[in-house]
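Working notes, structure below.
Please treat every number below as a calculation from the coordinates, not as lab data. Since this is a predicted model, take the numbers as computed values, not measurements. Because the Cβ atoms are built from the backbone with ideal geometry, glycine has one as well, and the counts that use them run over all protein chains shown.
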Amino acid sequence: MTEGEFQEFLITVGYRYNAKTKTGFNTFEGFHAMIGFFASENRYTFSMGAVTENLPEVLDKLKAFGSENKDHITRIFYKDRQIRMNIKMSVDSDIDRERLKNIARFATELCKSELITPVCRTCGKNRKTGVYIVGTDLTVLCDTCLKRRQRQYDRRRDMFIKKKQNMPLGIAGAVFGGMLGMSIYVLLYQLISLWGIWAGIIVICVFSGFVVTGKRATRLSAVICEVMAFFAFVMAEYAAMVAGMAIEIERQGGGIALTESIETTNTILSSAENISELLTEILVGSVVMVIIGVIYFLKRKFTRPLKISKNLL
């Protein structure tokens, strides 16, 4: 089932689809049920917040439903005030659709059975709740928990606004990150050379080093990090070739001779064919670093404050 087919299915069973979280949700009998679509993991996940005073009976129903549908339900359980099911996908979208309809019917019947009570997934209390996007996740919150989350968000937002960038410390952190990334690159290069793909590790280390010590990312710092990562990558590429040559010389019984390794590497690079191959690898690595650097900067995981959407209901 493709994402488009998943959205079509949700419409047929009365669920709404949220593209940002790739999750379908429905509200009935005071409950909020959600179905997540994970094509890369070949599964769906159904979840619903609930508490019960009839745990044995509820567990028996869940166990019986799981046994009846064991060909596609890999796990079904009640834990931490939530009923959850992991559903294995098939290659046939029609089969997937019928399976999900079956689970939707079961959830509806369970809610109407009065064996379970709807609750806020954060505090676990039976209160009026809404569906919100918190960060990148779809979650159910009562007004009290929403206000608490909102206050946390406001504090983080204020800290983010007041936070000033420390460029010197940021550059120092980026240098340290670049050195760490170079070391990892040289090590991984000896295991398998992937035409500069490992360069992504260097740019992540450089950006992380800058953000951790510089406190805040800006467009200027992103450009500086990309340039520093490029030079670190070029040096790491050369160091990796020298290290590989040193290992080869030692393997042939020549002992550890750094000077000889450097001279041999320089001789190899004097060939137009070899220098062309090196430049191609540097080009590939640079493209990888630019892409990863842009993605990392846009996300700014260490500095971006949490966002809470309006009630989706």
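For the Cα atoms of the chain, what angle does the longest principal axis make with the long axis of helix 219-251, in degrees from 0 to 90, nearest 10?
With both axes taken from Cα atoms, the answer is about 60 degrees.
For the chain, which longest stretch is free of loop sites, where a loop site is one of the GluC sites (Glu not before Pro) that DSSP puts outside H, G, I, E and B and that has at most 13 other Cβ atoms within 10 Å?
The segment 115-313 is the longest one with no such site.
Where does helix 258-269 land angle-wise versus the long Cα axis of the chain, in degrees 0 to 90, nearest 10?
Result, in degrees: 80.
Rounding to the nearest 10 and keeping the result within 0 to 90°, find how far the Cα-based axis of helix 167-191 lies from the longest principal axis of the chain.
Approximately 80 degrees, to the nearest ten.
For region 167-299, what is the convex hull (Cα atoms) projected area averaged across all directions, in square nanometres?
8.3 nm²
I want to check the label-to-label distance for N166 and S309. Put each point 7 Å from Cα in the C-beta direction and report it in nm to one decimal.
According to this spin-label approximation, the distance is 3.7 nm.
What is the calculated FRET efficiency for V212 to I291, with r their C-beta to C-beta distance and R₀ = 22 Å, to the nearest 0.05?
0.50
Work out the FRET efficiency for R127 and R157 from their Cβ-Cβ distance, taking R0 = 25 Å, and round it to the nearest 0.05.
Given R0 = 25 Å and the Cβ-Cβ separation, E is 0.45.
Return the inverse of the average 1/r over all pairs of distinct C-alpha atoms in the chain, which is the Kirkwood hydrodynamic radius, in Å to one decimal.
23.7 Å
Would you mind ranking D80, D96 so that the residue whose beta carbon has the fewest other beta carbons within 10 Å leads the list?
Fewest to most other Cβ atoms nearby, the residues stand as D80, D96.
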